[in-house]
Each structure stands twice: as C-alpha cells, then as structure tokens.
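The values are calculated or read from the model by the stated rules, or taken from the named source; none is laboratory data. Fair warning: this is a prediction, and the values are worked out from it, not measured in the lab. Counting neighbours? That spans all protein chains shown, and the Cβs are built from the backbone with ideal geometry, glycine included.
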Amino acid sequence: MPHIIIDKITPLSFPVKGENCEFLFKAENLIAVQTQNAKFLIQTRKHKNGYLVKYDKITRPLISEIKKAYIDFAKLNNAKILFENISGIKEKLPNKNLINITDDLSNIDIVEVGFGSGRHLIHLAKKYPDKTILGIEIHKPSIEQVLRRIEHEKLTNIKIINHDARLILSKIPSNKLHSIYVHFPVPWDKKEHRRVINSDFINEAKRALQKNGFLHLRTDSENYFEYSLKKFLEFNKIDIEVKKNIPYEITSKYEERWIKQGKNIYDIYMKSLEISPEIKETFDFSFEKRLVNLDFTPKVYNNFVIHLEKEFKIDDAKSLIRATIGNFNRPEHIYIVNCEKPYYFKLPAPIKDNYLAHIELKRLFNGQISNSK
C-alpha cells in the first residue's frame, strides 16, 4: 500500500489548506482531504520510526491525488519524510471504457451479463457498430483481459462495469434496450439466491427492454434451464421461445468443449411485448437531523443490509461513522459525517437498494424502533 513515514505530527487547526489540498477535519486517526479532483480520507498511526500516513481504502483516489495529500500533510506538520514508496509507482489512469455505477447509463443499447473471456461481447460490438454495448462482469481478471482486447482492436462502442447485474439494470431507462444476453451463467445449484435469473432481474429486464426487445439465456445446465423457464412463465405479456442444441453464431471455448462432450445446450428467448412506464424514482440521500441511539450490530432486511461499523470523534458536536449499506450481495462501504444535519462524506450510488437502506437508516437512528425483516 502506498504510504509515507514522517518524523513528527504537530497539532493542526482544521480546516487547513496546503498547496494542493485542503484538510477538512480530523476524526481521531482519520483526516478528510479535498483536492481539485477528489475527496478522500488518509489515516495516521504511530510507527516505531515516527508516524505512518496512508490512504483509507474505502475512499481511495488516484495515486496522483494521494501524492498531493502526503506532500502537503508533511509540509503542514513541518515534518521530514523518513520513508516513502509512492514516487516510483506508475499512475494507472482509469480506462475510458471502464465505467462505474454512478455514471450515466441512458445511452446503453445492449447488455451482456457475465461476459467471461469477452468473445461474445466483442462479437456484439462488431455486429452492431452503431449501438453501445455494456458488458457486466464481477471477475476482475476477465475485465482486465477484455479491456486490453478492446483497446487492441480499437473498438469504441463497448463499456465495461464491475458490478451486480441485478442492480445495473435498475439504472437503465425503460424501453431502452435492444437486447440482453446472459450466456452460461454460474448455475449455483446449491445457492439459488445467487442466480442472475430471478424474478427481480426478469422484471427489470422486461421494463428496460424495448417493445419486441429480447433477453437471451444460453446454458448447458438442465437444472438452470428448467428453473429459468419457470421464472419467465411467471410474467405476462411476453413471448418465450425455447431451443435445444441449435448452433449459435459464435461459441466460447467452454461451449466448444461441452459440445464435444455431448452436453445439451439450452436457449430461452424472452421477448417483451409491451411498453413499460418510465422510471420516476429520485433518490434523495439527505438527512434531516443528527443520528442518535447508534447500534453497531448488523441489520439484515429482504433486499438490503445496514451495518454501522465504527464511530470516530471529530469534536464534541461531530463524529464520523463508518458504515455498510445497500444490496445484501453488493453493499457499499461509506462514511457519514454525523452532526446537526448529517451528510455522506461521499454519496452512495443512486440505486434503489441504497436508497431503501438510507431511509431505514434514518428511521432507525432517529429514536424510533424498527425490526429487521
């Protein structure tokens, strides 16, 4: 982890400005930093040779911003840097094709969930050069590999996101998508709740698809095929087409192996036959009053979790709360500045489960009682 060791720390009066950073407040061993390009936390700790200064993992910015904070902090403390391992680190700039959940998804036309090696994703980009393709994947090595291939082939119509597909679809406008592909998802036979195909996912897919747009599931698992078909049949105003062992326009290396082994390959095409209402949800992540009666035990609900992890004192009137909120399968780690009118140090992603957790968090810690569901 990039860090420095300085020989001393002197009392500072916050907020205080350096050459390139403003240090907003100190919450015990955490210090809030604001630069022109980022907002994050650094932490200090006594070290055998002085004081260790390192960034907070939850709010980690680019290395260039960390460098500014370290240098300014040392100067403000009139401290000598005894050790540093950051100057030799080559900045890894964000890939323009890699986006995050806070980015605008209104221009997406096609979605592929779990693209693996990216063979089919690349195929889609070439087949539909006038459409923007979004690839969703949770396996980071696969993402790195595909990003390199996109760059090598100079493709400009692919975006990649590392997140849970069930949450991403909820951010896409209604009636927008030409198609959604879910090819060979993990069957999760012993953990059905982890399957991509479930009622919530189908409902969001149906809403996000254009009229006559389709979701294509392709699987080698008979159990997953039967389970998914039952889920699709729970919905109205859809057209379902089922195929078995029909060659597809492109195959993955795994599919080629399964075909040689004589495994059956199943396809389900779900076509949406109606116009869905537009999303009208707006997510207001503001607080009205100070959070009280803090409880640091995890609270688990049907769709989300709330866990206040630790409180760091700023002064007699303020504190910084580290917490985890949001979707149970992909929660967010956040900080809340708790004061007369609290605020998130950095806003959670604007998705429904985060918002539901936010509303319940306010209700829980304003003196009212709520039971986990």
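General remarks:
- Of the residues making up region 47-61, none is in contact with a Leu (Cβ under 7 Å, 6 or more places away or on another chain), among the acidic types (Asp, Glu) and in the same structural domain as residue 133 (by TED's automatic domain parsing).
- Test: residue in region 168-183 that is hydrophobic (A, V, I, L, M, F, W, C), at pLDDT below 95 and touching a strand residue (DSSP E or B) at 6+ places or on another chain (Cβ under 6 Å): yes
- Residue within region 286-295 that is in contact with a Phe, Trp or Tyr (Cβ under 9 Å, 6 or more places away or on another chain), among the small types (Gly, Ala, Ser) and either farther than 30 Å from residue 335 by Cβ or surrounded by 13 or more Cβ atoms within 10 Å (Cβ to Cβ) (or both) present: no
- Qualifying residue in region 254-264 (condition: in contact with a strand residue (DSSP E or B) (Cβ under 7 Å, 6 or more places away or on another chain) and either surrounded by 11 or more Cβ atoms within 10 Å (Cβ to Cβ) or in contact (Cβ under 8 Å) with a residue 12 or more places away in the chain (or both)): yes
- Qualifying residue in region 293-315 (condition: under 30 Å from residue 106 (Cβ atoms) and of a type in the set (Lys, Arg)): no
- Residues in region 119-136 include none that are at pLDDT below 95 and not charged (D, E, K, R).
- Some residue of region 295-306 being within 23 Å of residue 56 (Cβ to Cβ), more than 21 Å from the chain's Cα centre (by Cα) and touching a residue at least 12 places away in the same chain (Cβ under 8 Å): yes
- Filter result (surrounded by fewer than 16 Cβ atoms within 10 Å (Cβ to Cβ) and closer than 30 Å to residue 285 by Cα) within region 72-97: 93, 94, 95, 96
- Residue in region 48-56 that is acidic (Asp, Glu), surrounded by fewer than 15 Cβ atoms within 10 Å (Cβ to Cβ) and either modelled with pLDDT of 95 or more or out of contact with any Gly (no Cβ under 9 Å at 6 or more places or on another chain) (or both) present: no
- Scope region 300-335; condition at pLDDT 95 or above and basic (Lys, Arg); matching residues: 310, 313, 318, 322
- Where strands (runs of 3 or more DSSP E) sit wholly within region 68-165, those with at least 3 residues that are under 25 Å from residue 207 (Cα atoms) occupy 110-113, 133-136, 158-161.
- Residue within region 184-195 that is acidic (Asp, Glu) and in contact with a Phe, Trp or Tyr (Cβ under 9 Å, 6 or more places away or on another chain) present: yes
- Residue in region 184-194 that is buried (at least 22 other Cβ atoms within 10 Å of the Cβ) and of a type outside the set (Lys, Arg) present: no
- Scanning region 226-250 for residues that are among the β-branched types (Val, Ile, Thr) and without any contact (Cβ under 8 Å) to a residue 60 or more places away in the chain turns up 238, 240, 242, 246.
- Conditions (1) buried (at least 21 other Cβ atoms within 10 Å of the Cβ); (2) more than 12 Å from residue 291 (Cβ to Cβ); (3) among the polar types (S, T, N, Q): number failed by residue 338: (2)
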